[in-house]
Each structure stands twice: as C-alpha cells, then as structure tokens.
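The values are calculated or read from the model by the stated rules, or taken from the named source; none is laboratory data. Note that the structure is a prediction, hence the values are computed from the model and not measured. Cβ atoms come from the backbone with ideal geometry, glycine included; neighbour counts cover every protein chain shown.
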Amino acid sequence: MLLEITKASKFSGIVEHNVGSVTIGDNPCLPGIIASVFGWEAIQIKFITDNEDAVSIGACRKGQKIVMLPQFSYGPTIDSDIAEDLLQALKKQGFVCEWRLSTKISAFTFSDKATTFLPLEANTDLQFQQFSSNLRRKIRKCASNNIKFISGKSELITDFYEVYSHNMHRLGSPAQPLSWFLALIEKYCNGEARIWCAYLEQKPVGAAFMLEYQGFYEACWVSTLVRYNKLYISYGFYWEMIRYSIEGKGAQFSFGRSTIDSGVHKFKQQWGGHDLQLYWNYSHPQGTNIRKFQFLVNLWKLLPYRVAKQLGPVVSGWFY
C-alpha cells in the first residue's frame, strides 16, 4: 500500500455514498473545522491499495497522532479490509492512530457505544403511524404543554449554549467551547448545520444541534433542563427534528451515540429504529480509559456551575 499524507484541501475528497452508508463523518469539511477550534492539523491521507484503487480520506493530526475523527462518533467510511490495511500502514510509519467506525478493524477497540438510526418515511404521517401508541401519546403530551420549538442559526446560539452547558454540568462532563458550535454554524458546508431550542413561556428549556450530510441527519448534541423533563420535552424535540428531516427529503435520522443499555440508549430505541455498534479502533494498546473514571464525573458535578462553564472549554479538548 502506497500512501501520502498532506495538508487537507478545503473542498477535496467529496464522495457520493450509497444511501444508508453515509454518516456525518464522511463530510470532508469537518477536519478543517475541528482543526480551527481544537488545535489539530487537518490532513488528507491519499493511498493506493494493493488492487491499485486510489482512495483519499480526511483526518486530524497532532504530531504522530492521527484521529478519524475527533469530536464525532465516526470517521470516513471505507471498505473494512482497506481500512484495516491502512491502519497498519500508518502504524508502520510510526503513527498512533484512532479510527471511529461501525466495523472492528483492530484488536484494540473501545466498543461501549452505539448509534441509533431511524429510516425515514416519505412523509410525516407515515412516520408517525410507525410509532407505538405510547410514543405518540408522549409526543402529543408535549404539544399540550405549550412547548414552543424554534430552529435557526447563530441567533439561537446563546440560548442553545446556556441549556447545553447546564446539562453537561449536571452530567459531570466538560462542555465544549462556544467557539466550536459557532464554527460549525459558520463553516459547515456540503450540508446543513442547524440549532433547535425549546421554550416554555419564552424561557429556553431544551437545546439541540443537528448536522446533515447527503440526506443523513444527526442530532449531535441534545440537552434539556432536567426539572422540565416531566413536560416530555425530549419527545417533542426529536419529533420536530424528525419532521424537519423528512421535509428535507432525508433518508435517515440519527439520534446520536449513547452508552449501550443506558437510560438514554433505551429512550432512543423506543422510536423503532435500529442500533449501529460503534468501534473506536486503535493502532496500539490503550491504557486506562479516562471515560471510566467515575470519580472525575462526580468531582465535576461538585464544581459551581459558573466555574465549570469557564473551565469546561479549556479541558474539553482532552475528551474528544
């Protein structure tokens, strides 16, 4: 396998995928956006397989570390056999690599997460009919609670971030910097980036950030203020985003990743979609996984919100 690593070209590497195989991670604009916020270098890996097929993918690099892709659940999608060969070729060149895929291509993986996908029907009536009676009841219940949903761009960023940062503090995780979400709104191309906010009497009580690429819609970040969960805001939220995706002629809606068998995971499963197992493949054995340090989660929750809001963006780059 012959390979070449160069700085990424802004509009290079766009590939049309079969419906059902594409994800957000295939959008070639993402490495550059990630690099602009978190200090990575956006690179393009061009290689020729043993069968003389020419392939090019985007990635992020810091020194000898290459990740496809930080901040997202998946990197570029290619044939698993080719991906395995490429991972080994990069390792032989001295790189330490991580490739996030729905297939296992390494003996060293992190596999506690799954993404839940919902195939989209031709119209909203057909989609609604696919839901269980209990799910339809909860969606209607949210509507009866006078929750107002608004979607837009940067004009909603302040309300979005206020809800998002509060929810991350409650969960014990550092919030990503505001600059990250602004960069996505301003620089995301080849698809759509959109913010959603839920309001109760003009107060923001829910927030979501959705990305679209080649008919694949994903709710990448979704938060609600927990004291308002009794109003079924999450049900109304996802239904509004699903409706929007159908109206945009989308093929598939992703609820985003969650820990397998967690409460969040079970919430997503009730919508009638299917799970996609995620494998974060590593070129080398991993040490202790910082994601499993529960005491760090508990410690973060003890910080005053204002401190966590300021400190979170500083350390969030470590939790990619």
| Every residue from the stretch 56-86 that is small (Gly, Ala, Ser) and free of Cβ contacts under 8 Å to residues at least 12 places away in the same chain | GLY63
| request: Scan the stretch 22-33 and report the pairs whose first residue is closer than 11 Å to GLN214 by Cα and assigned by TED's automatic domain parsing to the domain that holds LEU101 and whose second residue is basic (Lys, Arg) and surrounded by fewer than 22 Cβ atoms within 10 Å (Cβ to Cβ), with Cβ atoms within less than 6 Å and a gap of 6+ or a chain change. | output: none
| In the stretch 258-266, is there at least one residue being assigned by TED's automatic domain parsing to the domain that holds LEU126 and under 21 Å from ASN123 (Cβ atoms)? | no
| Odd one out for GLN88, checked against (1) buried (at least 20 other Cβ atoms within 10 Å of the Cβ); (2) over 18 Å from CYS29 (Cβ atoms) | (1)
| remark: Filtering the stretch 212-238 for residues that are touching a Leu at 6+ places or on another chain (Cβ under 7 Å) and within 26 Å of ASP26 (Cα to Cα) leaves a count of 2
| Counting just the residues of the stretch 21-32 that are aliphatic (A, V, I, L, M) and either touching an Asp or Glu at 6+ places or on another chain (Cβ under 9 Å) or not in a helix (DSSP H, G or I) (or both), which one comes out surrounded by the fewest Cβ atoms within 10 Å (Cβ to Cβ)? | VAL22
| LYS203 versus (1) in contact with a strand residue (DSSP E or B) (Cβ under 7 Å, 6 or more places away or on another chain); (2) under 14 Å from LYS148 (Cβ atoms): which is the lone unmet condition? | (1)
| Got at least one residue in the stretch 263-275 being small (Gly, Ala, Ser), in contact with a helix residue (DSSP H, G or I) (Cβ under 6 Å, 6 or more places away or on another chain) and either over 24 Å from ASP159 (Cα atoms) or at pLDDT below 95 (or both)? | yes
